[in-house]
Amino acid sequence: MRDEISVLCTQHSKLFNMSYQLLDGKKISGQILAEITEEVKSIKQKGGKQPHLAAILVGADPASETYVVSKVRHCEKVGFNSTLVRYNADVTEAELLKKIQELNENKDIDGYIVQLPLPKHISERKIIEAVSPQKDVDGFHPLNVGRLTLNLPTYISATPYGIIEILKRYNIPTEGKNCVVLGRSNIVGSPVSILMARNGNPGNATVTLCHSKTKNLKEITKQADILIVAIGKPEFVTADMVKEGAVVVDVGIHRFTDSSKKSGYRLTGDVKFDEVAPKCSFITPVPGGVGLMTIAALMKNTLLACKGEIYK
Ligand code: NAP
């Protein structure tokens, strides 16, 4: 009897104290940026064209300003040329479309982004569709999204790229695995579900895409070998929703005031990390996970654009 209890205890502790490994976005993003820097150096040494990224920033939203400045700064770090085009928040849609036409025709600019969100009087859809698909390094143009769906070469947008690249570089097996994606947004859930299901590596997973109308969510998430969470609800995924040994990718980012922190705030994801992590084999932290991959994705797409590797 004592032996049986001891075996049960050991099994229990194995189950609930499983040591997990962090999927380190900072490390992977650093690797990618270092590879790009090397490649640009070699291109320049051979007399090739220096990649050139442009960014359009409308208005003075502090978050957008921070993102764009960081993107431009990273261009310098990897050896790209960069151009920042600024407009006041009252710029007209017509003026913006004119600039987009100019950038489409400018042979020196390989790729560019229009930082979102835009002021309400400008149609984001119109702007996204006006960007030349060849220069759409954000991967938002419908043609590039369509190419992704057809498993054709394309610019994969930042967050799905970041998720896939983390899984790839940590050698997480995906073939034949059950992958559950929580959230079906155009920028995260939908594209990542397509990438996980495509015939490729990472890929070849059996994918279930869940959204706010999904019934019996917990029963579905508990089947997941790989759980990708992008629903925008702080700490929504709890331990009872996760299978032992699962790989969990948390895309969510939420900022809360916290006077105990030096910064005055703390960040959390869509997953209740403290209770979920011990059940996982691998998990992304927040911060330090997927969010840090965004810049690397943009730099990678700009390099691909410069080399003409997507639209040959
Ligand atoms: P979003 O556009 O708000 O989409 C959320 C999705 O979650 C929707 O498909 C929604 O379903 C689904 N959903 C909401 N409540 C649900 C529930 N109770 N059960 C099941 N599904 C539910 O969000 P997003 O833009 O994809 O972003 C998601 C999170 O990731 C946010 O926290 C965002 O800040 C973060 N994010 C991070 C990065 C990064 O770089 N790390 C990038 C982008 C976003 P319906 O479609 O039915 O409404």
Open item on the list: To make sure I understand the rule: partners must be aspartates and glutamates, Cα under 19 Å from the Cα of Lys312, and not fewer than 8 residues away in the same chain. Which ones qualify?
Closed with: Glu105, Asp108, Asp110, Asp136, Asp138
Task: Helix 25-45 vs. the chain, principal-axis angle (Cα, 0 to 90°, nearest 10) - done: 30 degrees
Open item on the list: Please report the equivalent ellipsoid semi-axes of the chain, computed as sqrt(5 x eigenvalue) of the Cα gyration tensor, largest first, in whole Å.
Closed with: 38, 21, 19
- [ ] Taking only Cα atoms and a 10 Å spring cutoff, compute GNM fluctuations for the chain and point out the largest among Gly183, Gly146, Gly232.
- [x] Gly146
- [ ] Using a 10 Å cut-off on Cβ atoms, rank the peptides 223-230, 25-32 from the highest mean neighbour count down.
- [x] 223-230, 25-32
Open item on the list: Cut-off under 14 Å on the C-alpha distance; same-chain residues fewer than 8 positions from Lys41 excluded. Which aspartates and glutamates are left, in chain and number order?
Closed with: Glu76
Task: Between segment 258-299 and segment 99-158, the alpha-carbon center distance in angstrom - done: 28 Å
Task: Net charge, Glu235 excluded, C-beta distance under 10 Å - Lys, Arg +1, Asp, Glu -1 - done: -2
Open item on the list: Ratio of alpha-carbon Rg to the 2.2 N^0.38 Å globular estimate for segment 181-291, to two decimals, please.
Closed with: 1.08
Task: Of all accessible heavy-atom area on the chain, the percent that carbon and sulfur account for (1.4 Å) - done: 53 percent
Task: Residue-normalised accessible area of segment 157-293, given per residue in Å² at a 1.4 Å probe - done: 46 Å²
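Excluding ligands, DNA and RNA, what is the solvent-accessible area per residue of segment 64-143 at a probe of 1.4 Å, expressed in Å²?
Ligands and nucleic acids excluded, the figure is 53 Å² per residue.
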Task: Degrees between helix 62-78 axis and first principal axis of the chain (Cα, 0 to 90, nearest 10) - done: 80 degrees
Open item on the list: Within 13 Å, Cβ to Cβ, of Glu219, how many net charges do the neighbouring residues add up to if Lys/Arg are +1 and Asp/Glu are -1?
Closed with: +3
Open item on the list: Could you tell me the calculated FRET efficiency between Ser70 and Arg169, based on Cβ-Cβ distance and R0 = 25 angstrom, to the nearest 0.05?
Closed with: 0.70
Open item on the list: How would segment 47-132 be classified by its alpha-carbon gyration tensor: rounded, prolate or oblate, with rounded meaning a/c under 1.5 and the a/b versus b/c comparison settling the rest?
Closed with: oblate
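The values are calculated or read from the model by the stated rules, or taken from the named source; none is laboratory data. Computed from a prediction, not measured in an experiment: that's the story for all the values here. Because the Cβ atoms are built from the backbone with ideal geometry, glycine has one as well, and the counts that use them run over all protein chains shown. Heads up: the accessible areas ignore ligands, DNA and RNA and are worked out on the full protein's heavy atoms, side chains in. Shrake-Rupley method; radii C 1.70, N 1.55, O 1.52, S 1.80 Å.
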